[in-house]
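Rule-based calculations on the coordinates, nothing more; no lab input. Since the structure is predicted, the reported quantities are computational estimates derived from the model, not experimental observations. Positions of Cβ are backbone-derived with ideal geometry, glycine not excepted, and every protein chain shown enters the neighbour counts.
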Amino acid sequence: MLRLLSKVKAIEAAGVLGVDLSRLSGNYQRALSTKCENRSPPGCGSWPRRARRAALVCFLWQSYRAAVDQVVDMFDKLLARAQTQAQNELDQQLSRQRQTTQISFAALSSLSRIILDDTISK
């Protein structure tokens, strides 16, 4: 989780989130991102400068979105795990209290029978 958060912070610090990509369709952004992802940096060197920059920005945007989605998903799973753990602990505690209460009632019942039997027999 910390690795993902540092990735998100690094992309934010790069300043590419301020670049307006509204002129490019979502499919074209994904295509540029995929092209950039599948090539090594020297392989992208033959591209025109604007195409390289657009592909890199699209790649970073896609990486940012994927990382944020993963962070949210992981956070949701951690919350669910914490809730399950807390519920299990609460159930165990209630079970122990229930057992203690039942033992106490059984002891009181036995005592009340003894007390009432002694009173009646006198």
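Spin-label model, residue 51 to residue 117: label points 7 Å out along the Cα-to-beta-carbon direction sit 9.9 nm apart.
For the chain, list the DSSP H helices whose alpha carbon atoms reach 15 Å or more along the long axis and whose average Kyte-Doolittle value is 0.5 or above? Helices passing the filter in the chain: 2-14. Counting lysine pairs in the chain whose alpha carbons fall under 30 angstrom apart, excluding pairs fewer than 8 residues apart on the same chain, gives 4.
Panel order for 72, 19, by other beta carbons found within 10 Å of each beta carbon, from fewest to most: 72, 19. Over the chain, dividing the summed -39,500 (n - 2.57) contributions of all DSSP H runs of at least 4 residues by the number of residues returns a 222 nm mean residue ellipticity of -30000 deg cm²/dmol.
Taking label points 7 Å from Cα along the Cα-to-Cβ direction, residue 37 and residue 2 give a separation of 2.7 nm. Computed over the chain with a Gaussian network model linking Cα atoms closer than 10 Å, the most mobile of 65, 50, 30 is 50. With R₀ set to 35 Å, the beta-carbon distance separating residue 101 from residue 68 gives a calculated FRET efficiency near 0.10. Volume per residue for the range 42-98 equals 55 cubic angstrom (convex hull of Cα atoms). Using 0.36 nm per residue and subtracting the Cα-Cα separation, the extra length available between residue 108 and residue 12 on full extension is 27.8 nm.
Relative to its Kirkwood radius, the Cα radius of gyration of the range 2-121 gives an Rg/Rh of 1.61.
Largest mean-square fluctuation among 92, 83, 70, in a Gaussian network model of the chain whose springs join Cα atoms under 10 Å apart, belongs to 92.
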